[in-house]
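Trainee: Input: one structure, supplied below.
Please treat every number below as a calculation from the coordinates, not as lab data. Predicted, not measured: the structure shown is a model, and the values here were computed from it. Note: ideal-geometry Cβ built from the backbone for every residue, glycine included; neighbour counts use all protein chains shown.
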Amino acid sequence: MAAADLSVLTATEVAAKIADSAVSSEEVTAACLDRIAATEEAVGAFAHLDPDQALAQARECDTWRRSGRPIGPLHGVPIAVKDIIDTADYPTECGSKFLSGRRPRADATVVSRLRAAGAVIVGKTVTTEFAYFHPGKTRNPRDLERTPGGSSSGSAAAVAAGMVPATIGTQTNGSIIRPAAFCGVFAMKPSHGLVSRTGVLPLSRSLDHVGPFARSVADIALMLDVMAGYDAEDLDTRPVAARNFRQIAAEEFGLAPRFAFVKTPVWNKADADAREAFEGLAEELGEDCFVYDLPERYASAWDAQRAIMAVEMAHNLGKLADEGGDKISGKFCDLVAEGRQVSATRYLAALAEARSLRGSLEELFQQECTAILTPAAPGVAPEGLASTGNPVFSSLWSLTGLPAVTLPLLAGDNGMPIGVQIVGAVGDDARLLRTANWLVERLRD
């Protein structure tokens, strides 16, 4: 296959072709590196990249495969990693001048699992400073004058630009779902605690998630098969039997899934294009979709999410703000100051509110719907690079820890993508992926 053809394959297709000896990992990795060389100057998705090191990994994968030894599900597949996730062979600087040159001694657990599955770690993708709002250099590949979103800016842009078939990022508020929606790619914020965060910059234990970006639902399932699982170092993971995400995601529904169209109390934040597109989508789904209005008490969820995030980030990262001087942005310092002003009573009340709201949503899934249908972002990616956009349509699902997937199924009048977010019950990630598959096939028929 031509290099240009190899660089547009999905992760699932790459893995299958390498396993069948139709292509080598070196060929695929070289094709990705060629694409990066052609687009990186304009897009700026990578914080750290070493082509020679990536090709050396790929050659090792090919040598291993030719030996006849068993190979993993991601054998030879090029993957890029957000620069708040530790890697032993690349710097992890967290988008910060203050941490310039930081070299971890070991891989994060999720990176170790990717390597064990055979993945080639191509490089580190750009993050906003400490995965908060101060943007990095990345531009949106769909329109270079628009934001790619944040904080997993480079992870979304690298997939959208055809640089690599899959990446991993993180979300504390809207940092996976929003950039994926803006850049028009598939992505998932798994259930809280499904994927280990050991070796990932700790922002907020209550809210932090690690998840994949990719080119298809099947790719997301493939990545989760590798990434998910218990880690004794991450106390929010659980020692339960692993799900076969690929198998379940590919199963057919006996009956069509039922969607609750949840506008949320922040519906007024959605752009006119997005409101029209989602109302049209709900109408298209017909009897398989119904409008559900959240109870009034959900209106306070956004304040609760903010309080938890501010307090826990101030606790975990406040020392950086204290010691970083002019190498730390004002935005980040302001958040730390805000977190230090939140009372213990308010913080504990916000945690209790998160548990209560999650419990009420579980009742909705048990009694009325398969998944929630809601915007991934207020609309298309905003013009300009000074802001990463508004995470308002992700805050509730990060607060409650529910799994969420964004699908590039809609577009605004300007042709820019509008992400369709579907949300499932906690721990029901595999079924949510199956629902996502159904929705993609339904709308593309």
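Trainee: Kindly rank 129-142, 331-344 from highest to lowest mean number of other beta carbons found within 10 Å of each residue.
Mentor: Packing order, densest peptide first, comes out as 129-142, 331-344.
Trainee: Relative to the compact globular guide of 2.2 N^0.38 Å, what is the alpha carbon radius of gyration of region 364-439, as a ratio?
Mentor: 1.20
Trainee: Between E276 and S67, how high is the FRET efficiency from 1/(1 + (r/R0)^6) when r is the Cβ-Cβ distance and R₀ = 56 Å? Nearest 0.05.
Mentor: After rounding, the FRET efficiency stands at 0.50.
Trainee: Would you mind ranking S151, S67, S96 so that the residue whose beta carbon has the fewest other beta carbons within 10 Å leads the list?
Mentor: S67, S96, S151
Trainee: Net charge near T374, counting Lys/Arg +1 and Asp/Glu -1 over other residues with Cβ under 14 Å of its Cβ?
Mentor: Net local charge, T374 excluded: +3.
Trainee: At 0.36 nm per residue, minus the direct Cα-Cα distance, what do D50 and D413 gain on full extension? Give it in nm, one decimal, please.
Mentor: Full extension from D50 to D413 adds 126.8 nm.
Trainee: Rg and Dmax of region 294-438 over Cα atoms: what are they, in angstrom?
Mentor: Rg then Dmax for region 294-438, in Å: 17.8, 53.
Trainee: Lys pairs in the chain, Cα-Cα under 21 Å, at least 8 apart or on separate chains: how many?
Mentor: 19
Trainee: When N counts the residues of region 301-344, how does its alpha-carbon radius of gyration compare numerically with 2.2 N^0.38 Å, as a ratio?
Mentor: 1.13
Trainee: In nm, give the distance between the simple-model label positions of L364 and A352, each being 7 Å from the Cα along the Cα-to-Cβ direction.
Mentor: My value for the distance between the label points is 2.3 nm.
Trainee: Report the Cα centroid-to-centroid distance between region 63-127 and region 1-42 in angstrom, as an integer.
Mentor: The two parts, judged by their Cα centres, are 17 Å apart.
Trainee: Here is a further query. How big is the chain in terms of Cα radius of gyration and Dmax, in angstroms?
Mentor: 20.5, 62
Trainee: If packing is taken as the average number of other Cβ atoms within 10 Å across a peptide's residues, how do 302-312, 228-238 rank, most packed first?
Mentor: Result, highest mean Cβ count within 10 Å first: 302-312, 228-238.
Trainee: What is the pair-distance distribution P(r) of region 1-139, computed from all Cα-Cα distances in 5 Å bins starting at 0, with each bin given as a whole percent?
Mentor: Taking all Cα pairs of region 1-139, the binned fractions are 2, 11, 19, 21, 19, 15, 8, 4, 1, 0 percent.
Trainee: I've got another one for you. Among DSSP beta bridges lying fully in the chain, give the percent that are antiparallel, nearest 5.
Mentor: 65
Trainee: Go through region 78-89 residue by residue and turn each phi into a ³J(HN,Hα) via Karplus (6.51, -1.76, 1.60, θ = phi - 60°); whole Hz please, and just put x for glycine and proline.
Mentor: x, 10, 10, 10, 4, 7, 10, 10, 5, 9, 6, 9
Trainee: What are the principal axis extents of the Cα atoms in region 3-243, in Å, biggest first?
Mentor: Sorted from largest, the Cα extents of region 3-243 read 45, 44, 33 Å.
Trainee: Sum -39500 (n - 2.57) across every DSSP H segment of at least 4 residues in the chain, then divide by the residue count to get the 222 nm mean residue ellipticity, nearest 500.
Mentor: Estimated from H runs of four or more residues: -13000 deg cm²/dmol.
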